[in-house]
1. Given contacts defined as C-alpha pairs under 8 Å and at least six residues apart, what's the relative contact order of the stretch 182-280, whole-number percent?
2. Can you list the aspartates and glutamates whose alpha carbon is less than 15 Å from that of residue 179, not counting same-chain residues fewer than 8 positions off?
3. Normalised by the residues of the stretch 209-348, what does the relative contact order come to in percent, with Cα pairs under 8 Å and at least six apart?
4. Could you work out the local net charge near residue 134, counting Lys and Arg as +1, Asp and Glu as -1, over the other residues with Cβ closer than 10 Å to its Cβ?
5. If you build the convex hull over the alpha carbons only and average its shadow over all orientations, what do you get for the chain? Give it in nm² to one decimal.
6. So which aspartates and glutamates can residue 54 reach, going by Cα to Cα under 14 Å and dropping same-chain residues fewer than 8 places off?
7. Percent relative contact order of the chain, based on C-alpha pairs within less than 8 angstrom and at least six residues apart?
8. Hey, which aspartates and glutamates would be in cross-link range of residue 322, C-alpha to C-alpha under 13 Å, not counting anything within fewer than 8 residues on its own chain?
Amino acid sequence: MQLTQEHEELKRTVERFVENELNPHVDEWEEAGIFPAHEVFKKLGDLGLLGLTKPEAYGGAGLDYSYSVVMAEALGNTRCGGVPMAIGVQTDMATPALARFGSDELRAEFLAPAIAGDQVVCVGVSEPGAGSDVAAIRTTARKDGGDYVLNGGKLWITSGTQADWMCCLANTSEGSPHKNKSLIVVPMKTRGVTVERKLRKIGMNSSDTAQIHFDDVRVPQRHLIGQEGLGFMYQMLQFQEERLWGAANALKGLDIAVRETIDYARSRKAFGKAVIDNQVVHFTLAELQTEIEALRALVYRATALYVGGQDVTQLASMAKLKAGRLTREVADKCLQYWGGMGFTWENPVSRLYRDGRLASIGGGTDEVMLGIICKLMGILPRA
Ligand SMILES: Cc1cc2nc3c(=O)[nH]c(=O)nc-3n(C[C@H](O)[C@H](O)[C@H](O)COP(=O)(O)OP(=O)(O)OC[C@H]3O[C@@H](n4cnc5c(N)ncnc54)[C@H](O)[C@@H]3O)c2cc1C
């Protein structure tokens with residue numbers, strides 16, 4: 001991926017936003033267990049940052065996916081994982097299917113305000129009984145008159161307590177689990193939608209995560225995104241962008257952890273010398289930085305091919321897998337070199353240790369990524 005002047009300009013804009021509008025508030029939001037998504041998204045929308053790859057007709061900039069990747073990487077300068085994750089849900093996880101397959105009417109009503117930052121969006125795929133196994137979801141949307149009537153519920157929904165609408169995956173018919181699903185826009189203020197609880201988590205604390213219940217929720221049938229029965233396929237396409245986005249977003253946090261660990265290990269003395277002057281320490285940090293650069297190269301290569309029109313399911317899955325694994329390794333090894341300071345709550349590396357753990361779970365676990373990679377390599381045993 002070749003960075004142009006436009007990419008560099010976007011990078012600077014996002015970095016400035018992170019520095020001025022996010023980082024000064026992160027500690028307060030982490031403590032509160034939530035950040036004010038409407039307020040933050042309005043500011044992002046005003047800067048045109050919520051619709052980089054979305055159609056111009058709905059307020060987007062109509063750019064290719066490399067711009068999303070540049071933004072994801074620059075957002076990694078945020079001093080927590082939760083806020084960038086919620087921004088990524090809005091731009092690259094809950095809205096790509098609507099932008100690509102939604103009717104003009106639906107896009108005007110729901111995509112345009114999401115791009116403007118007037119509405120907060122969540123994506124509802126996972127359920128209490130189905131996470132990795134997306135095909136096993138139980139939520140149903142039954143046709144009645146001109147409506148769909150939804151029953152069931154969703155779990156671990158990012159921004160779920162403050163979202164205005166959900167891009168919801170539901171079963172719209174009986175039959176093959178890969179062909180009976182549809183994506184439906186569900187406004188969260190609709191009667192029968194309840195936020196059952198806000199989940200208490202070990203990390204990503206500035207992002208609210210909710211369990212949502214649907215009890216005879218009526219939405220007009222025109223809220224269907226694209227064609228009925230193609231929801232599983234649309235969601236798999238949406239996952240491809242989500243996974244590239246997630247891997248790109250991990251990079252800066254890893255750079256920062258290594259850099260700050262270098263600074264600390266240089267200033268900290270033990271046995272008459274700086275901690276960093278032990279070969280095991282400086283070699284390990286050099287090795288970690290090498291791995292980060294390798295991940296960056298993989299993300300950029302996958303992005304360049306994706307922009308060129310290729311299916312990058314395999315490379316995006318590899319990038320997501322590597323990002324998850326490397327985040328765990330970098331956070332763990334860096335934390336070790338901070339000694340007792342690394343074990344304190346406020347330490348930046350301890351936050352990466354907690355927040356970064358999600359990278360191997362959310363948006364498809366490491367094992368699911370390995371399954372996809374094996375399938376595409378032709379080495380997955382047939383069921
Ligand atoms: C903070 C947070 C935010 C999230 N945000 C959202 C959101 O906004 N929207 C949404 O829809 N979902 C969201 N999720 C859900 C997330 O995508 C799921 O947690 C994830 O897909 C894993 O599903 P699961 O938790 O049900 O794990 P399970 O499917 O129960 O799997 C548990 C474990 O079993 C193992 N396993 C599973 N399958 C295999 C296999 N085939 N081979 C080997 N081992 C296997 C893995 O180790 C896996 O970690 C979020 C989750 C968290 C924690």
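1. Working: 75 pairs, mean separation 24.8, N = 99.
Over the stretch 182-280, the number comes to 25 percent.
2. 133, 228
3. Contact order relative to length: 33 percent.
4. Net charge in that neighbourhood comes out at -1.
5. Dividing the Cα hull surface by four gives the mean projection, 19.4 nm².
6. Output for residue 54: 64, 92, 104, 241.
7. Details: 715 pairs, mean separation 63.5, N = 383.
Answer for the chain is 17 percent.
8. By straight Cα distance, residue 322 reaches 291, 293, 366, 367.
The values are calculated or read from the model by the stated rules, or taken from the named source; none is laboratory data. Please read all numbers here as calculations on a predicted model, not as lab measurements. Glycine also receives a Cβ, built like all others from the backbone with ideal geometry; neighbour counts cover every protein chain displayed. Please note that ligands, DNA and RNA were not included when accessible areas were found on the heavy atoms of the full protein model with its side chains. Shrake-Rupley method; radii C 1.70, N 1.55, O 1.52, S 1.80 Å.
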